Amino acid sequence: MKNILFVASECVPFIKTGGLADVVGALPKYLDKSRYDVRVILPKYTAIPAKYKENMKYKMHFYMDFCWRSQYVGILETVVDGVTFYLIDNEFYFSGDKPYGNIYEDLEKFAFFSRAVLSALPLLGFRPDLIHCNDWQTGLIPVYLHDSFQQGAFFRGIKTVMTIHNLKFQGVWDKKTIQNITGLSSYYFAPDKLEAYGNGNYLKGGIVYADYVTTVSNSYAEEIKCAFYGEGLDGLMRARSNCLCGIVNGIDYDEWNPETDKYLVQNYNAQDFRKEKKKNKLALQEELGLERNPDRFMIGVVSRLTDQKGFDLVECVLEELCCDDTQIVILGTGDPKYENLFRHYEWKYKGRFSANIYYNNERSHKIYASSDAFLMPSLFEPCGLSHLISLRYGTVPIVRETGGLRDTVVPYNEYECSGTGFSFANYNAHEMLSIVRYAKHVFYNKKREWNKLVDRGMAADFSWKTSAKGYEDLYLKLLGE
Ligand code: ADP
Ligand code: GLC
């Protein structure tokens, strides 16, 4: 039996801002329990809903020297779906209504978190054989492990994996400040270690010091070795390429299942979607004040509203998209530029365009189930989960061929009757528009073809079963058995 510890800044069901939380909430459940004792550790944010906090049991507390002060570290424990979760408590760092705030405070918050995680382990009596770190917030763990923590026998030999969910976010500030916050010596602030372009960089530290680096799709693992996608670290990614691989994400098939989804007015499956799916569309049209018409082509979007997701392409041809015989439903928050753009279009195209500028899990389920197509024209996409959810809900993805989108959506080929979605290659608004119009043409004029596309999409397997095996093979390689 090997012990694995997952460390992350967010995790379903406790707290979520994006796909990272979905992955950390699902993957541990799907690892082979007869071979791995997998536990997860995350911050106990005050923003975690009370119903989860009520089930957390106080385990212990201690004081830790950090940032020139002696700081309280509380540890709580809870078990969900057979997985043990530890939560690090410190209200100075983890209060507020969301997990992240301004980057300067976040840098100190996650340095504290990383140090607290390692300091807690001997007291918890849980010695991981491998620590699985996720994104920049946990990048310091392999560094601290290499530094002060290697001295004790407890920590010696612990392996680390660093998973990059998004290379764009690296945790960067000037060297001196990072040195002050982290307490690391100047030895670590050199270009072959934590320093990047004169600054201190948490994620770079994690990538340099982890035993193995993974990212969330094969294509993204290749892309980040090039300058365009490498976010300034492409040289490092090339240098570490013998210890770098992509393992594509899955989705939690228990949570995302149109047959049992409790938020839908009508459940459906791969056999009866032709008749039943559109009942959800009718209900959503009613709910959102859109024209009630089960045959109208509906495009859904559930996303962070940022440049990463390709909204500048959408902005460029939004007028054309709205004038077509189409309804558009957007759910998301983010850049005020896009939030306001979509509010404006809702006002301008009442009954055809719905802008839902907030975060709401229930509504997201309804949009996945009700839409005919799901638009995700990302500039870059490490993996993407929304389009995988869409596939499972019989909602045909329209994506740009990048990262995980490229690896998981098979483009429709009308001559071979193959494919699970529509895709375009260049980051060009009119290329996107023409592929959306092509999808709409198939929807309106070749209904049987469209339904077969849905059949193939719903039959595709993006459960965690296959992807969890990828991580198990990696653990085996690093730990032997
Ligand atoms: P990213 O992690 O880059 O934001 P992913 O596609 O990997 O993108 O994951 C996004 C996750 O967040 C999906 O589960 C999606 O349904 C969810 N999500 C995004 N925005 C919202 C929102 N406004 N309301 C509810 N869920 C959302
Ligand atoms: C990041 C990426 C997204 C990925 C998610 C989970 O937020 O932007 O593509 O699916 O992490 O790995």
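Given Cα pairs under 8 Å that are at least 6 residues apart, what percent is the relative contact order of the range 231-302? Present the calculation step by step, with values, prior to reporting the outcome.
Values: 33 pairs, mean separation 10.3, N = 72.
Once normalised by length, the contact order is 14 percent.
Using the heavy atoms of the protein chains and a 1.4 angstrom probe, tell me the accessible area per residue for the range 273-461 in square angstrom. Walk me through the numbers before you get to the answer.
Numbers: 7200 Å² over 189 residues.
In whole numbers, the range 273-461 has 38 Å² accessible per residue.
Filter the trypsin sites (Lys or Arg not before Pro) in the range 321-382 down to the DSSP loop ones having no more than 12 other Cβ atoms within 10 Å, then list what survives. Intermediate values should be presented prior to the final figure.
Values: sites: 337, 343, 348, 350, 352, 363, 366; in loops: 350, 352.
Sparse-neighbourhood loop trypsin sites (Lys or Arg not before Pro): 350.
Within the accessible area of the chain, what % is carbon and sulfur when the probe is 1.4 Å and the other protein chains stay in place?
Values: 9520 of 18850 Å².
The nonpolar share, carbon plus sulfur, comes to 51 percent.
Considering amide H positions built from the backbone, and no H for Pro or chain starts, which residues 5 or more places from residue 3, or on another chain, come under 5 Å of its amide H?
Result for residue 3 returns 37, 129, 130.
In the range 163-283, what percentage of the DSSP-assigned beta bridges are antiparallel, given to the nearest 5?
Values: 5 of 10 bridges.
Close to 50 percent.
Please get the size of the charge dipole for the range 94-155, origin at its Cα centre, with Cβ charges of +1 on Lys and Arg and -1 on Asp and Glu, quoted in debye to the nearest 20. It would help to have the intermediate numbers written out before the result.
Working: 4 positive and 7 negative charges, 38 e Å.
Its charge dipole is roughly 180 debye.
How charged is the neighbourhood of residue 344? Take every other residue with its Cβ under 12 Å from the Cβ of residue 344, and add Lys/Arg as +1 and Asp/Glu as -1. Present the calculation step by step, with values, prior to reporting the outcome.
Working: positive: 337, 343, 348, 350; negative: 315, 319, 339, 346.
Its environment carries a net charge of 0.
What distance in nm lies between label points placed 7 Å from Cα along the C-beta direction at residue 154 and residue 437?
Output for this residue pair reads 6.5 nm.
Quick one: which residues, 5 or more positions from residue 89 or on another chain, have an amide H under 5 Å from its amide H? H modelled 1.01 Å from N in the peptide plane, none for Pro or chain starts.
Amide H to amide H, under 5 Å and 5 or more residues apart or across chains, residue 89 pairs with 44, 74, 75, 76.
If I stretch the segment between residue 92 and residue 72 completely, what's the gain in nm (0.36 nm per residue apart, minus their alpha carbon distance), one decimal?
Working: separation 20, 0.36 × 20 = 7.20 nm, distance 0.92 nm.
Value of the extension gain: 6.3 nm.
How large is the helix-only mean residue ellipticity at 222 nm for the chain, computed as the sum of -39500 (n - 2.57) over DSSP H runs with n ≥ 4, divided by its residue count, in deg cm²/dmol to the nearest 500?
Working: 20 runs with 191 residues, N = 481.
When only DSSP H runs of four or more count, the value is -11500 deg cm²/dmol.
With only Lys, Arg, Asp and Glu charged, each at its Cβ (+1 for the first two, -1 for the last two), find how big the charge dipole of the range 333-437 is about the Cα centre; round to the nearest 20 debye.
Values: 11 positive and 11 negative charges, 97 e Å.
Roughly 460 debye, rounded to the nearest 20.
Explain nothing, just compute: Karplus ³J(HN,Hα) = 6.51 cos²θ - 1.76 cosθ + 1.60, θ = phi - 60°, for every residue of the range 349-356 in order, whole Hz, x for Gly and Pro.
10, 3, x, 10, 10, 10, 10, 10
Hand me the tally of lysine pairs in the range 273-461: alpha carbons under 15 angstrom apart, and the pair either on different chains or 8 or more positions apart.
Count of close lysine pairs: 11.
Share of antiparallel DSSP beta bridges in the range 27-92, in percent to the nearest 5?
On the way: 16 of 21 bridges.
So the antiparallel bridges in the range 27-92 amount to around 75 percent.
For the range 147-154, just list the computed ³J(HN,Hα) in residue order, Karplus coefficients 6.51, -1.76 and 1.60, θ = phi - 60°, integers in Hz, with x standing in for Gly and Pro.
Here the 3J(HN,Hα) series is 7, 5, 7, 5, 5, x, 4, 3 Hz.
May I ask what percent, to the nearest 5, of DSSP beta bridges between residues of the chain are antiparallel? Display every interim value, and only then the final one.
On the way: 23 of 74 bridges.
In the chain, approximately 30 percent of DSSP beta bridges are antiparallel ones.
Identify, among 389, 420, 125, the residue whose Cα sits farthest towards the positive end of the charge dipole of the chain, taking +1 on the Cβ of Lys and Arg and -1 on the Cβ of Asp and Glu, with the dipole about the Cα centre.
The listed residue farthest towards the positive side: 125.
Can you compute the charge dipole magnitude of the range 273-461 about its Cα centre, using +1 on each Lys and Arg Cβ and -1 on each Asp and Glu Cβ, nothing else charged? Give it in debye, rounded to the nearest 20.
Magnitude of the dipole: close to 700 debye.
I'd like to know which of 152, 351, 18 lies farthest towards the positive end of the charge dipole of the chain, counting +1 on Cβ of Lys and Arg and -1 on Cβ of Asp and Glu.
152
Under 20 Å Cα to Cα from residue 33, which lysines show up? Leave out anything in the same chain fewer than 8 places away.
The reachable lysines, counting only those whose Cα sits under 20 Å from residue 33, are 2, 159, 465, 469, 477.
Under the definition of Cα pairs under 8 Å and six or more residues apart, what whole-number percent is the relative contact order of the chain? Could you put the intermediate results ahead of the total?
On the way: 925 pairs, mean separation 57.9, N = 481.
Dividing the mean separation by the residue count of the chain yields 12 percent.
Please give, to one decimal in nm, the separation of the simple spin-label points placed at residue 174 and residue 197, each 7 Å out from Cα toward the Cβ.
1.7
Restricting attention to the range 237-324, which GluC sites (Glu not before Pro) occupy a DSSP loop and are surrounded by at most 15 other Cβ atoms within 10 Å? Before the final figure, lay out the partial values.
Numbers: sites: 255, 259, 276, 286, 287, 291, 315, 319, 320; in loops: 255, 259, 291.
For GluC sites (Glu not before Pro) across the range 237-324 that sit outside H, G, I, E and B with at most 15 neighbouring Cβ atoms in 10 Å, the list reads 259, 291.
Just to confirm the filter: which chymotrypsin sites (Phe, Trp or Tyr not before Pro) across the range 160-200 are DSSP coil and have at most 12 other Cβ within 10 angstrom of their Cβ?
Working: sites: 169, 173, 187, 188, 189, 197; in loops: 169, 189, 197.
Qualifying residues, ordered by number: 197.
Please list, in order along the range 271-280, the HN-Hα scalar couplings obtained from phi with the Karplus expression 6.51 cos²θ - 1.76 cosθ + 1.60 (θ = phi - 60°), rounded to whole Hz, x for Gly and Pro.
Karplus-based 3J(HN,Hα) across the range 271-280 equals 7, 10, 4, 4, 8, 8, 4, 5, 5, 5 Hz.
Once label points are set 7 Å from the Cα along Cα→Cβ at both residue 417 and residue 127, what is their separation, rounded to one decimal in nm?
6.1
The values are calculated or read from the model by the stated rules, or taken from the named source; none is laboratory data. From a predicted model like this one, the values you see are computed outputs, not experimental measurements. As a convention, Cβ positions derive from the backbone with ideal geometry for all residues, glycine included, and neighbour counts pool all protein chains shown. Remember, those area values only see protein heavy atoms, side chains included, never the ligands or the DNA or RNA. Shrake-Rupley method; radii C 1.70, N 1.55, O 1.52, S 1.80 Å.
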